[in-house]
Amino acid sequence: MILPKIRDPRFTALRRGGTLTNDDHHALAVWAAQCAGHVLHLFEDEQPGDGRPRRALELTHAWVRGEITMQDARVAAFHANAAASERKGAARFAAYSAGQAVVVAHVAAHYLGAAAYAIKAVWVASGKLGAQERGKAEWQWQIDLLPLRLKDLVLEDQRNRNSLCWNAFDV
């Protein structure tokens, strides 16, 4: 579970009583989809005929563009997570990353799950040799993509929720 018991209002939409603007909510969703997309090949190489995680990422962008509802995004997350539950190893975590990315439409704080699952997929794909170094490289790649206005907020959130995310952000 990557969500804390007490939600940070900075990751709650204004319309729900938090301080997160629509633009920043959308930016977090796009970033989460980029993180998941970067490792999606780990799923698709193993399951080339299963398009559920890719579809989740496509629907993340559709939600940002206002083309689908939050409920449509949640359904896509269920499908990506079902694909994940049918797999093992790196493919599983890559699919979970996609599921987390699309469900950012529902709860913005899931953005961090997309990043953490992507790092976990890299760890598992790397095996014991080089897993930490490759995980750190993946984390740095993710951070380099962050919109500057969100960087400090995300880095603080990573520190705060690191233990909930398998210490994926210990860099």
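The values are calculated or read from the model by the stated rules, or taken from the named source; none is laboratory data. These figures come from a predicted structure and were not determined experimentally. Every residue, glycine among them, receives a Cβ derived from its backbone with ideal geometry; neighbour counts consider all protein chains shown.
Find the residue count for region 8-22, including only residues that are surrounded by 15 or more Cβ atoms within 10 Å (Cβ to Cβ) and either farther than 14 Å from VAL154 by Cα or of a type in the set (Asp, Glu) (or both).
3
Could you check, for region 83-95, whether at least one of its residues is part of a helix (DSSP H, G or I), more than 15 Å from the chain's Cα centre (by Cα) and in contact (Cβ under 8 Å) with a residue 24 or more places away in the chain? I'd like the intermediate steps shown before the answer.
At the first step, the residues of region 83-95 found to be part of a helix (DSSP H, G or I) are 83-85, 89-95.
Add one more test, that the residue is more than 15 Å from the chain's Cα centre (by Cα), and what stays is 83, 85, 89.
Checking the rest, the ones that are also in contact (Cβ under 8 Å) with a residue 24 or more places away in the chain come to 83, 89.
There is at least one residue in region 83-95 that is part of a helix (DSSP H, G or I), more than 15 Å from the chain's Cα centre (by Cα) and in contact (Cβ under 8 Å) with a residue 24 or more places away in the chain.
In region 125-155, what residues are of a type in the set (A, V, I, L, M, F, W, C) and buried (at least 18 other Cβ atoms within 10 Å of the Cβ)?
ALA125, TRP139, LEU146, VAL154
Looking at ASP157, ASP170, which is the one that is without any contact (Cβ under 8 Å) to a residue 60 or more places away in the chain and either over 13 Å from ALA36 (Cα atoms) or not in a helix (DSSP H, G or I) (or both)?
ASP170
Anything in region 60-76 that is acidic (Asp, Glu) and outside any helix (DSSP H, G or I)? List them, or say none.
Within region 60-76, just GLU67 meets the criteria.
Scan region 154-168 residue by residue and report those that are at pLDDT 95 or above and aromatic (Phe, Trp, Tyr).
none
This table checks each residue for (1) over 24 Å from LEU155 (Cβ atoms); (2) part of a helix (DSSP H, G or I).
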{"residue": "ASP24", "(1), (2)": "no, yes"}
{"residue": "LEU28", "(1), (2)": "no, yes"}
{"residue": "ALA32", "(1), (2)": "no, yes"}
{"residue": "LEU42", "(1), (2)": "yes, yes"}
{"residue": "ASP50", "(1), (2)": "yes, no"}
{"residue": "GLU58", "(1), (2)": "yes, yes"}
{"residue": "PHE78", "(1), (2)": "yes, yes"}
{"residue": "ALA98", "(1), (2)": "no, yes"}
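Spot the failing condition for ILE2; the list is (1) surrounded by 13 or more Cβ atoms within 10 Å (Cβ to Cβ); (2) part of a loop (DSSP other than H, G, I, E, B); (3) over 14 Å from the mean Cα position of the chain (by Cα), and only one is missed.
(3)
Where the second residue is surrounded by 19 or more Cβ atoms within 10 Å (Cβ to Cβ) and among the β-branched types (Val, Ile, Thr) and the first is closer than 15 Å to ALA84 by Cα and touching a residue at least 40 places away in the same chain (Cβ under 8 Å) and lies in region 34-45, which pairs have Cβ atoms under 7 Å and are six or more apart or on separate chains?
Filtered contacts from region 34-45: VAL39/VAL122.
Every residue in region 119-153 that is outside any helix (DSSP H, G or I) and at pLDDT 95 or above, please.
LEU146, PRO147, listed by residue number.
I'm trying to understand the selection: among the residues of region 42-60, which are surrounded by fewer than 19 Cβ atoms within 10 Å (Cβ to Cβ) and under 15 Å from the mean Cα position of the chain (by Cα)?
Selection gives ARG54, ARG55, GLU58.
Considering only region 33-49, I want to know if a residue exists there that is touching a His at 6+ places or on another chain (Cβ under 7 Å) and closer than 22 Å to GLN142 by Cβ. Let's see the steps before the verdict.
First, the residues of region 33-49 that are touching a His at 6+ places or on another chain (Cβ under 7 Å): 33.
Filter once more, so that each one left must be closer than 22 Å to GLN142 by Cβ: 33.
For region 33-49, residues touching a His at 6+ places or on another chain (Cβ under 7 Å) and closer than 22 Å to GLN142 by Cβ: present.
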